[in-house]
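J.: Structure provided below as C-alpha cells; questions to follow.
Values in this text are rule-based calculations from the coordinates and carry no lab data. This structure is a prediction, so every number in the text was calculated from the model and none was measured. Cβ: placed from backbone, ideal geometry, glycine included. Neighbour counts: every protein chain shown.
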C-alpha cells in the first residue's frame with residue numbers, strides 16, 4: 001500500500017543537525033502553537049499526514065474547504081492550518097522563516113509561503129456543516145487567530161509521547177506489518193474503551209484481512225470521553241484475553257478528535273493508509289457528536305472519493321440477541337427488538353461512572369476490571 005500521494009513525507013531534522021537548527025531558531029520571529037497543533041505538525045513531520053509538508057497555503061486551503069481535495073485533486077478533507085493572532089503575525093511575511101514554539105521554546109521552523117486571512121464562518125460551515133457554538137469543532141474555530149500561515153516545516157524537537165511503547169511512526173508500522181506477514185490490514189479508529197460490539201466489528205473485519213491495526217486517538221477530547229490511559233489499559237486487557245497472538249496490534253495516534261463527522265472519517269482513513277493499512281473500519285456515526293450528522297452520513301461520504309486508495313469496511317446496526325445467544329446484525333438476525341440488547345455507550349458510561357459493572361453481554365469482565373481500576377475513568 002503506497003502512502004497517500006505516493007511517498008511518505010519526512011520533515012524530521014537529522015539528529016546531528018538539531019542543535020544547530022534549534023540555536024538558529026532562537027533568532028527568528030516566533031509562531032506560538034497549541035499542544036494540539038504541535039501534535040499535528042509532528043504527524044506531518046513523520047508522514048502520518050502525507051502528502052502535507054506543512055500547514056496549508058491559501059490555494060490548498062480553499063480547495064479543501066470547497067472540494068475536500070488539494071489543488072492537485074488528491075483527496076484531503078480536513079484543513080491543517082497554522083493560525084496566529086494579529087499581534088503574533090505582525091512583521092511576518094511571505095518568504096520569512098519563523099520558529100514554531102510552545103511555551104516559549106522552539107521545536108521547529110516554518111518557511112512561510114502564504115499569509116492569508118481566516119474566514120471563521122466559512123471554515124466552520126464547510127468543515128463542520130454548522131455554526132452552532134455547542135459543536136466542539138465550531139467552538140474551537142471561534143477561538144482561532146485571524147491570520148493563517150502556510151508553508152513547509154522542519155521539526156527538530158519531538159515530544160516523547162504519552163505512551164512511548166505504543167507510539168510508532170508510519171515507517172515503523174509498515175515494517176511491523178511486513179515482519180508479521182500482513183499483506184492486508186484493517187485500521188480501527190477509536191476514542192473509547194472497547195465493548196463487545198467493538199470486538200464484534202474488529203473480529204468481523206479480521207475475517208477479511210490478515211491483521212488488525214487498533215489505533216486509538218490520544219489527545220484532547222470532550223467531557224465524558226474515556227481518558228487516554230483508560231483506553232490503553234482496556235485494550236491491553238481485550239487483546240491479551242480475546243485475540244489470537246499476532247492477529248492485532250495496538251498503536252497510538254497522538255491527535256485530537258475534531259468531531260467533523262463525514263469529513264473526519266475520510267481524513268481518518270487517509271491517515272491509516274499512511275500507516276500502511278489497506279482497509280479502514282467505518283461504523284455508525286463515525287467522528288460524530290450530538291445529532292449534527294446522520295448516523296450513516298460518514299459512510300455515504302466515501303462514495304465521493306472512489307480514488308481514496310484505501311477500502312472502507314462499513315458496519316451498520318449490531319446488537320446482542322438473547323435468542324441467538326451472541327452479537328448479531330440487522331442483516332442476519334430474524335428476531336425482534338424485544339430480544340435485542342443495544343450497545344449503548346451512554347448506558348455503559350452511566351454504569352461505570354457509578355462504579356457498577358456492565359453485563360458480560362455488553363463488556364468483557366477483564367475490560368471492566370481495567371476501567372474500574374481508575375478512580376476517574378472519564379474526561380471532566
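J.: On a C-alpha basis, how far is the centre of the stretch 235-287 from the centre of the stretch 185-220 in Å? Whole number, if you could?
T.: Cα centroid of the stretch 235-287 versus Cα centroid of the stretch 185-220: 6 Å apart.
J.: Just to be sure I understand: with springs between alpha-carbon atoms less than 10 Å apart, which residue in 311, 117, 265 has the highest mean-square fluctuation in the Gaussian network model of the chain?
T.: For the chain, modelled as a Gaussian network with Cα springs under 10 Å, the answer is 117.
J.: In percent, how large is the relative contact order of the stretch 87-161, given Cα pairs closer than 8 Å and 6 or more residues apart?
T.: Worked out over the stretch 87-161, it gives 34 percent.
J.: Right, another one. Gap in Å between the Cα centre of the stretch 344-378 and the Cα centre of the stretch 110-181?
T.: Here the two parts' Cα centres lie 31 Å apart.
J.: Sticking with this one: Is the stretch 164-372 rounded, prolate or oblate when judged by the Cα gyration tensor, a ≥ b ≥ c being the square roots of its eigenvalues, rounded requiring a/c under 1.5 and prolate requiring a/b larger than b/c?
T.: Working: a/c = 1.36, a/b = 1.23, b/c = 1.11.
Verdict is rounded for the stretch 164-372.
J.: Okay, moving on. Contact order normalised by length for the chain, with contacts defined as Cα pairs under 8 Å and 6 or more residues apart; what percent is it? Could the numbers behind the result be given before it?
T.: Numbers: 722 pairs, mean separation 65.5, N = 380.
RCO, the chain: 17 percent.
J.: Which angle from 0 to 90°, rounded to the nearest 10, does the C-alpha axis of helix 58-67 make with the longest principal axis of the chain?
T.: Between the helix axis and the principal axis of the chain, the angle is about 30 degrees.
J.: Does the stretch 1-46 classify as rounded, prolate or oblate by the C-alpha gyration tensor (a ≥ b ≥ c root eigenvalues; a/c under 1.5 gives rounded; else a/b over b/c gives prolate, otherwise oblate)?
T.: Cα axes put the stretch 1-46 in the oblate bin.
J.: Treat the count of other C-beta atoms within 10 Å as a stand-in for reagent exposure and order 96, 35 from fewest to most.
T.: In order of increasing Cβ crowding within 10 Å: 35, 96.
J.: Moving on. Using the 10 angstrom Cβ neighbour count as an exposure proxy, how do 142, 182 rank, fewest first?
T.: 142, 182
J.: Provide Rg over Rh for the chain; use the alpha carbon set for both Rg and the Kirkwood Rh (inverse mean inverse pair distance).
T.: With Rg and the Kirkwood Rh in hand, the quotient comes to 0.98.
J.: Classify the stretch 169-224 as rounded, prolate or oblate from the Cα gyration tensor: take a ≥ b ≥ c as the square roots of its eigenvalues, call it rounded if a/c is under 1.5, otherwise prolate when a/b beats b/c and oblate if not.
T.: Taking the square roots of the gyration eigenvalues as a ≥ b ≥ c, the stretch 169-224 is oblate.
J.: Given contacts defined as C-alpha pairs under 8 Å and at least six residues apart, what's the relative contact order of the stretch 15-155, whole-number percent?
T.: 31 percent
J.: Arranged by the count of other C-beta atoms within 10 angstrom, fewest first, what order do 277, 43, 324, 333 take? Could you put the intermediate results ahead of the total?
T.: Values: 277 28, 43 22, 324 15, 333 18.
With the sparsest Cβ surroundings first, the list reads 324, 333, 43, 277.
J.: For the Cα atoms of the chain, what angle does the longest principal axis make with the long axis of helix 262-275, in degrees from 0 to 90, nearest 10?
T.: 80 degrees
J.: Which residue fluctuates the most in the chain, going by a Gaussian network model with Cα springs under 10 Å, if the choices are 145, 59, 288?
T.: Among 145, 59, 288, the largest mean-square fluctuation in the Gaussian network model of the chain belongs to 59.
J.: Rounded to the nearest 10 degrees, what's the angle between the helix 170-180 long axis and the longest principal axis of the chain, both from Cα atoms, 0 to 90?
T.: 40 degrees
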